[in-house]
Structure formats: structure tokens, C-alpha cells
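A.B. asks: Pasting a structure below so you can have a look.
Since every read-out is calculated from the coordinates, none of them should be taken as a lab result. All figures in this text were calculated on a predicted structure; none of them were measured in a lab. Here Cβ is always computed from backbone atoms with ideal geometry, including for glycine, and neighbour counts include all displayed protein chains.
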Amino acid sequence: MANSEGALKLYGEKCNKLLEESEIRFAGIVDKEGQLIAGGFKEGLNPHEGDETRLKSFLEFVSKASIRKEYDESLGPINYLAARRDKAVLVSFPFPITQILLLISAEPTANIENLAKKVVEIFTDVN
């Protein structure tokens, strides 16, 4: 399902819905090879210098962290990983069944818990 055209279209629509939030700068779905398969930067937005490089390195970090399962049994699976930086908030949401990640970059003022709730609302039917 993850790579079918219908799924990619659905992911793209859901990312666009997230991008309607004023604080979200980037919302994209990344496959297990680290390739962006849906979504991207908000239309008309100039990425901060180095944004794409930062997203790539954050992606490498969350990919490794999301794959690790040693604490799943005692603590439960990872719901999301977040990093608050001076210039941005980066949050990733793993979808273990389809082995994809939703990656979000938002303004530094963004409330991570509120972002997480919004993602759950929009992506509820995705595994």
C-alpha cells in the first residue's frame, strides 16, 4: 500500500492539509530509503538556508531511532520524535506497518503536543 499511486496521492493530500497550519513550514512523507515520496515545503515559502540539509540529517537520525525496538516492549512504540531548535521545531512520526515517516518542520514557537494532535487527526487512517 505504501508505494501505490493512490496511497501517495492520499499522503500528499494529508501533507497539504498539515501545511495549512500557519506554523508548519514542511510536511513530507519519507520512505525507508530516506527519499521524499509525498509533500514538501509550504508553497511560496523560502526555506531557511540549510533547511534541506538539516531535514536530511534529522531524517537520518529519526530513521535510525525509529527502527530501534529495544524499548517497545517496556515503554511502548515510538509515537513521535521531536527536536526543538532555535530556528525550527522538527517532529517525525513513524508509521511502522508501511515503514514510512512523516517529517514536519515548524516555526520555533510551535507547540509540539498540539502539532502531534493535529497529525493524529489528519493521519488517523494511515498505518
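A.B. asks: Report relative contact order for the chain in percent, whole number only (criteria: Cα-Cα under 8 Å, sequence separation at least 6).
C.D. replies: Contact order relative to length: 27 percent.
A.B. asks: I need the trypsin sites (Lys or Arg not before Pro) found in the range 12-109, filtered to DSSP loop residues with at most 15 other beta carbons within 10 Å of theirs. It would help to have the intermediate numbers written out before the result.
C.D. replies: Values: sites: K14, K17, R25, K32, K42, R54, K56, K64, R68, K69, R84, R85, K87; in loops: K32, K42, R68, K69, R85, K87.
Here the trypsin sites (Lys or Arg not before Pro) that fit, given the DSSP loop and packing criteria, are K32, R68, K69, R85, K87.
A.B. asks: Using the structure shown, list the pairs from K14/K42; K17/K87; K32/K117; K69/K117; K14/K69; K56/K87 with a Cα-Cα distance above 20 Å, or answer none.
C.D. replies: Flagged as over cut-off: K17/K87; K32/K117; K69/K117; K14/K69.
A.B. asks: Oh, and also: At 7 Å along the Cα-to-beta-carbon direction for both E23 and D125, put a label point, then send me their distance in nm to one decimal.
C.D. replies: Simple spin-label model gives 2.7 nm for this pair.
A.B. asks: Just in the range 18-56: which GluC sites (Glu not before Pro) are loop by DSSP and have at most 10 other Cβ atoms within 10 Å?
C.D. replies: On the way: sites: E20, E21, E23, E33, E43, E49, E52; in loops: E20, E21, E23, E33, E43, E49.
Counting only loop positions with at most 10 other Cβ atoms within 10 Å, the GluC sites (Glu not before Pro) in the range 18-56 are E33, E43, E49.
A.B. asks: Could I ask something else about it? Suppose R0 equals 41 Å. What FRET efficiency, 1/(1 + (r/R0)^6) with r the Cβ-Cβ distance, do I112 and S4 give to the nearest 0.05?
C.D. replies: It comes out at approximately 0.85.
A.B. asks: How big is the dipole moment of the chain about its Cα centre under a simple scheme where the beta carbon of each Lys and Arg is +1, that of each Asp and Glu is -1, and everything else is neutral? Debye, nearest 20, please.
C.D. replies: 160
A.B. asks: Now, a different point. Identify all aspartates and glutamates with a Cα-Cα distance to K9 below 16 Å; exclude those on the same chain that are fewer than 8 residues away in sequence.
C.D. replies: D31, D125
A.B. asks: So what does the Cα-only Debye profile of the chain read at q = 0.09 Å⁻¹, as log10 I(q)/I(0), no solvent term?
C.D. replies: With one equal scatterer per Cα and no solvent, log10 I(q)/I(0) is -0.23.
A.B. asks: While we're on this one: Which chymotrypsin sites (Phe, Trp or Tyr not before Pro) from the range 52-117 combine a DSSP loop assignment with at most 10 other Cβ atoms within 10 Å?
C.D. replies: Filter output for the range 52-117: Y71.
A.B. asks: Sticking with this one: With unit charges on the beta carbon (Lys/Arg positive, Asp/Glu negative), name the residue among L18, V119, Y80 whose Cα is farthest towards the positive pole of the charge dipole of the chain.
C.D. replies: About the Cα centre, the residue reaching furthest to the positive side is Y80.
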